[in-house]
Amino acid sequence: MSEQPPEPAEQGALEGPDGHLRCPWGLSAPDYLVYHDQEWGRPGRGDTAIFERLCLEGFQSGLSWLTILRKRENFRAAFAGFEPQAVAAFGDQDVARLMADAGIVRNRSKVNAAITNARAALGLPDGLSALVWKYAAEPGPAPRTLAEVPASTPASKALSAELKRNGFTFTGPVTAYATMQACGIVNDHLAACFCRNRN
């Protein structure tokens, strides 16, 4: 009897078009390949960079990340480059403009959350980047398959709770963990992925 192929979550790193082993999700679309190789899991710092990822992860909730990735430049244009001070100044006219912008995800709760979170970020004494990065920990064992990559962790639950205490919304533990992954606060590239030790 032939062996059944592994379930997608059980897959380990797969060979890409250039012969490098990668996390399987990074091979599912050309946009993912570039994002996986050049950005995801690489340490990113600075309030604007962290704010952008936190917002985009919030907008992604319930949708495909590919949808967000393909609209990213539209989001950047619509949200003033995700500069927290600029977004914090958005008013009703900006909300109306954003809700009419077909280039982004037009969800009023998520739009309002981005503005609320920009205002909350400005109130942090040491800034958003410092708050998020304090949840970086010593790396654990590298995941071998997608099944070993968690959706949230105790650290992301603690980060989510601290963000909430500081007035942030749409930043639950899963969104917080996805932000931590995207910014390289945790490295969830699979053990055999060529990007694992490239940071």
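Please give the peptides 130-142, 32-44 ranked by average Cβ packing (other Cβ atoms within 10 Å per residue), highest first, as a rough proxy for protection.
Working: 130-142: 13.7, 32-44: 17.2.
Per-residue mean Cβ counts within 10 Å order the peptides as 32-44, 130-142.
Would you mind telling me which residue in Ala182, Ala86, Ala13 has the biggest mean-square fluctuation in a Gaussian network model of the chain, where springs connect alpha carbons within a distance under 10 angstrom?
Ala86
Shape call for the stretch 113-199 from the C-alpha gyration tensor, a ≥ b ≥ c root eigenvalues: rounded (a/c under 1.5), prolate (a/b greater than b/c) or oblate?
Verdict is prolate for the stretch 113-199.
Tell me, what is the per residue accessible area of the stretch 120-199 in Å², probe radius 1.4 Å? Each step should come with its number before you reach the end.
Values: 3790 Å² over 80 residues.
Value returned for the stretch 120-199: 47 Å² of accessible area per residue.
What shape does the stretch 39-128 take by its C-alpha gyration tensor, where a ≥ b ≥ c are the square roots of the eigenvalues and a/c under 1.5 counts as rounded, a/b above b/c as prolate, and the rest as oblate? Present the calculation step by step, with values, prior to reporting the outcome.
Values: a/c = 1.83, a/b = 1.08, b/c = 1.70.
Oblate, since a/c reaches 1.5 and b/c is not below a/b.
Counting only protein heavy atoms and a 1.4 Å probe, tell me what percentage of the stretch 69-199's accessible area is made up of carbon and sulfur. Mind dumping the intermediate values first?
On the way: 3230 of 6310 Å².
Exposed carbon and sulfur together represent 51 percent of the surface.
Sort the stretch 1-93 into rounded, prolate or oblate with this rule: let a ≥ b ≥ c be the square roots of the eigenvalues of the Cα gyration tensor; rounded if a/c is under 1.5, and if a/c is not under 1.5, prolate when a/b is larger than b/c, oblate otherwise. Intermediate results must be reported in sequence, preceding the final value.
Working: a/c = 3.09, a/b = 2.39, b/c = 1.29.
Prolate.
Of the listed pairs Lys71/Lys157; Lys134/Lys157; Lys71/Lys110, which have alpha-carbon separations greater than 25 Å here?
On the way: Lys71/Lys157 28 Å; Lys134/Lys157 13 Å; Lys71/Lys110 15 Å.
Where the Cα-Cα span goes over 25 Å, the pairs concerned are Lys71/Lys157.
The values are calculated or read from the model by the stated rules, or taken from the named source; none is laboratory data. Small disclaimer: the values here were computed from a predicted structure and weren't measured. Glycine gets a Cβ as well: all are built from the backbone with ideal geometry, and neighbour counts include every protein chain shown. Remember, those area values only see protein heavy atoms, side chains included, never the ligands or the DNA or RNA. Shrake-Rupley method; radii C 1.70, N 1.55, O 1.52, S 1.80 Å.
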